[in-house]
Amino acid sequence: MSPSHTSRSIEIEHPEIFRRKSKVSLESINRFVLLAFAFSPIISIVTWVSIQISGKFLFATIMIVLTFMNMLNPRKKGSGLKNYYFILALLIAYHLILDIVYGRISFDRIQLFAYKNWAVQTLCVLYLIDNTKFKTKKIHLYVRFMVIVAIMAVVVSFIQIRFDKNFLIQKYYYEGQSNYSLVSAQSIYSYIDRNAIGFDFVPMMAALIGWSVFFGRQNLYLINVLIAGFVSMASTRRYVMLAVVVALFQFVFIKMHAKKKTLWLIGVVFGVSIVIMLFSFVFSGSGYSLDNYLHKRILSESAMSRIEAFSLFKKHFPRNIWLGTGGGQDFELKTDIRSGYTSQIHVGYLSFLYQYGIFGGVLFFMFIITFLVKLIRESSYSKFYGGLFAFIVILVNYATLVQFSLLYTGVAFGLILHKFFYEQKKLEDEQARLLSVEVVE
């Protein structure tokens, strides 16, 4: 997927990365772990099948340890302390305080907290990305890794809808759920967690789409559209398809600022129409009825769970308005949801406010706004929008789900590319400035 000839250059490197070192550095370990993280869907399958250990738990543990090693290393020249580090640290402390207040603190819970808490996971991922530099060759290698993962996702999804819907499906995650009677291809992601196809695959495709748009490769963009559309429709998840639409929008977003934008929009509409007809043909040949899908998934009663979330929130939030429930459901909410369409407050932002109150909500939205503004500012400068849209996909997913974390390959990949292109643009501009000064002198 990496272009061989392009008007854009990404060959500028940090001078220090050419210095040979006789020993393995901590940064090279960071780099290796982040590159290995590209194959987390495959590694998760292998670790669960062989030793019954979650791949997500494995990577969370490794990243927590690596983060502490980087922080405590006196020779490590980091990127400095970011303001969102402090916000995440406050959220971690706030969660621990609530555990103490509600009497939930225990050694076992602290162990679970260390690798299951979203703020811990997010802080570790962001810290490692911010403090790791990638060579151009490593970036191209990373992109190739993700292309391999995307192709594997397509192949496995096709096998699941055409031959065996239980192929590479982790049954543990779907016990007690009835909505999988309809063909639901979770591809290679079910061994990570239930929602990994939306939190991992779609941000990955957003980053790959950003890569193709950045280099002006329309053919690669179309291939990415086909991959993202096929896997998302095969999953039968509404939020996954919505997230794919958001990821694809970056192309329209960029081209709206270009000349002949009307022609581009007509081309996009035509392309989407062709893709829908192609998918209809493929799925129909697999015994998959799009009409049946429309009525059983898009228009199903389960869609009411998002609407009911607002009424549940309005009723139960005022009882624990400042501190929330400390991360769980109280008795009154559990009683209320038994007769409804949902098993919880099925809008992530409302659920977070219900569980952690106004204090926690303020910290959470401070992190979201701070980090989002950073990505918007840097993307506008570098003109690479893949990382920004990978994060926006996570925010869109959280509007319909109740989990939030950046400990997923797809969004980590997008943020690594975002950092790389931003730093390369800064180096280009600095070299251009120095050259202009030399010419003047």
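The values are calculated or read from the model by the stated rules, or taken from the named source; none is laboratory data. Because the structure is a prediction, the values reported are computed rather than measured. We place every Cβ from the backbone using ideal geometry, glycine too, and count neighbours over all the protein chains shown.
Here are the numbers for the structure shown:
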{"item": "Any hit, segment 393-415, residues being within 14 Å of the chain's Cα centre (by Cα) and farther than 23 Å from residue 237 by Cβ", "result": "yes"}
{"item": "Answer residue from segment 219-249, given it is touching a Ser or Thr at 6+ places or on another chain (Cβ under 7 Å) and hydrophobic (A, V, I, L, M, F, W, C) and is nearest to residue 198 (Cα to Cα) among those", "result": "240"}
{"item": "Residue satisfying condition, being in a helix (DSSP H, G or I), surrounded by fewer than 21 Cβ atoms within 10 Å (Cβ to Cβ) and modelled with pLDDT of 85 or more, within set 254, 209, 223", "result": "223"}
{"item": "Count of residues meeting criterion [assigned to a helix (DSSP H, G or I) and either closer than 13 Å to residue 253 by Cβ or in contact (Cβ under 8 Å) with a residue 60 or more places away in the chain (or both)] in segment 370-386", "result": "7"}
{"item": "Filter result for residue 242 (of a type in the set (A, V, I, L, M), in a helix (DSSP H, G or I), out of contact with any Cys (no Cβ under 7 Å at 6 or more places or on another chain) and farther than 19 Å from residue 404 by Cβ)", "result": "no"}
